[in-house]
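First the structure, in the form of structure tokens, and then the observations on it.
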Amino acid sequence: MIDNINNELFIYYKKEFKTHLSYTGPFEKKVLFSLGGLIRNNFDEYIAIKSRVFGIFVELVENVAHYSAEVIKLQKDISFGIGTIVLKEYENHYQFITGNYVYNEVLKNIEDKCSKINSMNRDDLREYKRMQRRLPRSHKGGANIGLIHIALLSSNPLDLIITEVIDNISFLSISAKIDKI
């Protein structure tokens, strides 16, 4: 068993990318503020990319915080979603990957929305974002524009991987690629 763990770690560290950020745990505001600071400090010389990377970070962590089926409850009305976020740097791009458990009833909406977003060009995405802003806010407090905003900032399609875990819960991974321009 230990050999398998060592092999997995070796493969991870023998990678073709640089890891800027890797976190698994509760997506609590203080933790996310610290992680956001890491991103801001790592990209000081790349102002144009820094704002795009930071904007995508904010939207992705909000998605996990709001929609994770796995939560830590501190008090009756205070809870934090649990998940994972990774920011990798390759030669020509950066890649964010998030992962968390999601109730299947919520998952269908996320799948449909990503499919629609990925089928649109930039102008259509902007119009779709304006339309969504005019709609009433969701029960989670958002304007339903996070995934649209990610697609606009990254200028690439969103990548979803869904793994069914049990009858009503799946593991959702969302990936966003940011080209170095």
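The figures follow:
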item	result
Cα-projected label distance for ARG130 with THR19, points at 7 Å along beta-carbon direction, nm	4.3 nm
Net lengthening on full extension, ASP179/GLU91 (0.36 nm per residue, minus Cα-Cα)	30.7 nm
Linear extension gain, ILE162 paired with THR84, 0.36 nm per residue minus alpha-carbon span	26.6 nm
Modelled FRET efficiency - R0 22 Å, ASN42 with SER155, Cβ distances, 0.05 increments	0.60
Cα lying deepest toward the dipole's positive end in the chain, options LEU125, GLY99, SER68, charges on Cβ	LEU125
Candidate values (i) 0.95; (ii) 1.02; (iii) 0.97, label of the one derived for Rg/Rh (Cα atoms, Kirkwood Rh)	(iii)
In nm, spacing of pseudo-spin labels at LYS29 and VAL106 (7 Å Cα→C-beta vector)	1.9 nm
Pairwise FRET efficiency - ILE72 versus ASN118, Cβ, R0 = 30 Å, nearest 0.05	0.40
Under the Karplus curve 6.51 cos²θ - 1.76 cosθ + 1.60, θ = phi - 60°, whole-Hz ³J(HN,Hα) for segment 55-63, x wherever Gly or Pro sits	x, 5, 3, 4, 5, 5, 5, 5, 4
Distance violations [Cα-Cα > 23 Å] among LYS108/LYS180; LYS129/LYS177; LYS18/LYS180; LYS113/LYS180; LYS73/LYS129	LYS108/LYS180; LYS113/LYS180; LYS73/LYS129
Net dipole in debye of the chain [+1 Lys, Arg Cβ; -1 Asp, Glu Cβ; about Cα centre; nearest 20]	780 debye
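Readers should treat all values here as calculations from the given coordinates under stated rules, not as data from a laboratory. Note that the structure is predicted; figures quoted are calculated from it, not measured. Note that each Cβ is placed from the backbone with ideal geometry, even for glycine, and that neighbours are counted across all protein chains shown.
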